[in-house]
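Working notes for the structure below.
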Amino acid sequence: MTPTLLNKFGTGLAEHTGGSGFDNPPIESQATFRAIMMALAEPGSIRDIPRTSAVAPGLSPAMTALVLTLADFETKVWFDDGAASRAASYARFHTGAPIVDVKAEAAFAVVTKARMMPRLADFAQGTLDYPDRSTTIIVEVERLGLSGEYSLCGPGLAAERRLDVAPLPATFVEDWAVNRSAYPRGVDIFFCCGTFVAALPRSTHLQREKD
């Protein structure tokens, strides 16, 4: 885990259109935060988010828990369905987070259509002095498992790790290589599927098997 990630996540824990929040916010947000930190410490590992009753319209349990835990009234959030979406209204109601239309203004981005995820360079990249001012992207995927076509290596990995994640845009590996080359600047990504989450910090090298 990098200091920039700790600095960013350490600061944060409209109209309501349905869905429920945490029954016990302190307990559930702390459990989710621990799972997030464990995922970041071991890139590509898959963590099960502790069971929660929180339900956001159109979001998986894992993505709902991450939004409730990471967003607050000081963190701007971008949604791929736009500010008028039910998921955006849910986040605004339960966390107070400002919903923005400009990707580069967002501290967190919620991508529910992984195959159409925007180019990573469209989001805030941070600066050399303040690399934590980049966007963290939370992506909903249809498949998340081990022993897949992606290989990961880098900080937090004693050996190469395989990851199965889909769908992703055709340009993702290329975009990620550019993102990693800008370290310590660049975005970080969480992949969510069901109750599971995996992290891809900006320091991680990623390659597709057939590339």
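When you scan the range 31-54, do you find a residue that is under 15 Å from the mean Cα position of the chain (by Cα) and over 28 Å from residue 185 (Cβ atoms), even just one? Looking for residues that are under 15 Å from the mean Cα position of the chain (by Cα) and over 28 Å from residue 185 (Cβ atoms), one finds at least one in the range 31-54, hence yes.
When 103, 113 are checked against the criterion of being out of contact with any Phe, Trp or Tyr (no Cβ under 9 Å at 6 or more places or on another chain) and modelled with pLDDT of 95 or more, a single residue qualifies: 113.
Would you mind stating whether residue 63 is modelled with pLDDT of 90 or more, among the hydrophobic types (A, V, I, L, M, F, W, C), under 30 Å from residue 162 (Cβ atoms) and open to solvent by 60 Å² or more (accessible area, probe 1.4 Å)? Considered against the rule, which asks whether it is modelled with pLDDT of 90 or more, among the hydrophobic types (A, V, I, L, M, F, W, C), under 30 Å from residue 162 (Cβ atoms) and open to solvent by 60 Å² or more (accessible area, probe 1.4 Å), residue 63 comes out as no. Inspect all residues belonging to the range 175-183 and state whether any of them is of a type in the set (Val, Ile, Thr) and either in a loop (DSSP other than H, G, I, E, B) or open to solvent by 20 Å² or more (accessible area, probe 1.4 Å) (or both). Looking for residues that are of a type in the set (Val, Ile, Thr) and either in a loop (DSSP other than H, G, I, E, B) or open to solvent by 20 Å² or more (accessible area, probe 1.4 Å) (or both), one finds at least one in the range 175-183, hence yes.
The set of residues in the range 78-107 that are touching a helix residue (DSSP H, G or I) at 6+ places or on another chain (Cβ under 6 Å) and under 17 Å from residue 36 (Cβ atoms) comprises 91, 97. Residues of the range 184-202 that are under 15 Å from residue 127 (Cα atoms) and either open to solvent by 10 Å² or more (accessible area, probe 1.4 Å) or among the polar types (S, T, N, Q) (or both): 184, 185. Selection of first residues in the range 141-155 that are at pLDDT below 95 and of second residues that are open to solvent by 80 Å² or more (accessible area, probe 1.4 Å), restricted to Cβ pairs under 8 Å at least 6 apart or on distinct chains, gives the following pairs, ordered by first then second residue: 149/209; 149/210.
Pairs are defined by a Cβ separation below 6 Å, a sequence spacing of at least 6 or placement on different chains, a first member in the range 160-189 that is on the phi > 0 side of the Ramachandran plot, and a second member that is part of a helix (DSSP H, G or I) and polar (S, T, N, Q); the pairs so defined are 186/179. What tally of residues in the range 120-134 results from selecting those that are hydroxyl-bearing (Ser, Thr, Tyr), touching a Lys or Arg at 6+ places or on another chain (Cβ under 8 Å) and over 7 Å from residue 187 (Cα atoms)? Summing the residues that are hydroxyl-bearing (Ser, Thr, Tyr), touching a Lys or Arg at 6+ places or on another chain (Cβ under 8 Å) and over 7 Å from residue 187 (Cα atoms) in the range 120-134 gives 1.
Kindly evaluate residue 72 against the criterion of being surrounded by fewer than 20 Cβ atoms within 10 Å (Cβ to Cβ) and either small (Gly, Ala, Ser) or closer than 22 Å to residue 54 by Cβ (or both). In short, yes.
Assessment of the range 104-121 against the conditions (open to solvent by less than 30 Å² (accessible area, probe 1.4 Å) and under 21 Å from residue 28 (Cα atoms)) yields at least one matching residue.
Would you be able to say whether some residue in the range 11-20 is at pLDDT 90 or above and of a type in the set (Gly, Ala, Ser)?
No.
Looking at (1) of a type outside the set (A, V, I, L, M); (2) modelled with pLDDT of 95 or more; (3) within 22 Å of residue 112 (Cβ to Cβ); (4) in contact with a Leu (Cβ under 8 Å, 6 or more places away or on another chain), which is the one condition that is false for residue 29? The one condition residue 29 does not meet is (2).
The values are calculated or read from the model by the stated rules, or taken from the named source; none is laboratory data. From a predicted model like this one, the values you see are computed outputs, not experimental measurements. Quick reminder, even Gly has a Cβ in these numbers, built from the backbone with ideal geometry, and neighbours come from all protein chains shown. To get the accessible areas, we keep the full protein, side chains included, count just its heavy atoms, and leave off ligands, DNA and RNA. Shrake-Rupley method; radii C 1.70, N 1.55, O 1.52, S 1.80 Å.
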